[in-house]
């Protein structure tokens with residue numbers, strides 16, 4: 001297991017890199033280098049997300065830029081983010097991008113009310129440690145659903161549940177930041 005030397009975070013589909021919980025994460029993890037990045041559609045001023053291949057390309061580009069900027073080993077970067085941002089990072093890592101781990105905040109297991117439309121095809125290919133932080137009332141995946149479907153991940157999986165909150169994880173930013181900081185320290 002590689003000690004984390006940098007972190008790359010992406011927002012959910014409806015937000016940008018300045019989403020307050022991502023900003024707080026960066027502040028909490030200092031002096032560890034943290035990059036908060038936007039997908040192309042946000043940089044271009046659009047609201048609708050790009051198709052998955054373009055989202056994946058954005059993660060690959062930002063990871064390479066972070067490695068170049070910091071000089072760290074690519075395998076020492078932890079990737080992740082909120083909702084769609086974390087999901088796309090998990091796909092990129094499953095497809096072979098080196099990483100020290102994944103931080104998946106409010107992972108969107110399936111669209112609300114559509115549990116048959118699972119977003120799990122890539123999970124069996126994730127061999128790095130994963131931290132999932134989700135609300136117990138998240139319509140994108142219940143605790144039971146998420147725990148059952150993440151059992152296929154070969155890497156170590158940690159679940160942290162925020163009681164009585166949904167997908168937005170309202171009023172949980174400090175808890176999320178402290179949880180990620182502690183998890184990263186345990187990886188090192």
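Number of residues in the range 102-135 that are modelled with pLDDT of 95 or more and at positive phi: the value is 1. Listed conditions (1) within 23 Å of residue 64 (Cβ to Cβ); (2) out of contact with any helix residue (DSSP H, G or I) (no Cβ under 9 Å at 6 or more places or on another chain) are all met by residue 156, apart from (1).
Only one of the numbered conditions (1) free of Cβ contacts under 8 Å to residues at least 40 places away in the same chain; (2) out of contact with any helix residue (DSSP H, G or I) (no Cβ under 6 Å at 6 or more places or on another chain) is violated by residue 83, and that is (1).
Screening the range 125-139 for residues that are in contact with a helix residue (DSSP H, G or I) (Cβ under 8 Å, 6 or more places away or on another chain) and not in a loop (DSSP other than H, G, I, E, B) and picking the one that is surrounded by the most Cβ atoms within 10 Å (Cβ to Cβ) gives 134. Taking residue 65, is it touching a helix residue (DSSP H, G or I) at 6+ places or on another chain (Cβ under 7 Å) and free of Cβ contacts under 8 Å to residues at least 40 places away in the same chain? For residue 65, the condition - touching a helix residue (DSSP H, G or I) at 6+ places or on another chain (Cβ under 7 Å) and free of Cβ contacts under 8 Å to residues at least 40 places away in the same chain - is not met. Among the conditions (1) at negative phi; (2) modelled with pLDDT under 95, residue 144 misses just one, which is (2). Being crowded, with 23+ Cβ neighbours inside 10 Å and either more than 20 Å from residue 107 (Cα to Cα) or free of Cβ contacts under 8 Å to residues at least 40 places away in the same chain (or both) is the filter here; which residues of the range 5-27 pass it? If the condition is that a residue be crowded, with 23+ Cβ neighbours inside 10 Å and either more than 20 Å from residue 107 (Cα to Cα) or free of Cβ contacts under 8 Å to residues at least 40 places away in the same chain (or both), then 6 is the only one that fits. When residue 86 is tested against the conditions (1) more than 8 Å from the chain's Cα centre (by Cα); (2) closer than 22 Å to residue 19 by Cα, the lone failure is (1).
The values are calculated or read from the model by the stated rules, or taken from the named source; none is laboratory data. Since the structure is predicted, the reported quantities are computational estimates derived from the model, not experimental observations. Backbone-built Cβ (ideal geometry, glycine too); neighbour counts: all protein chains shown.
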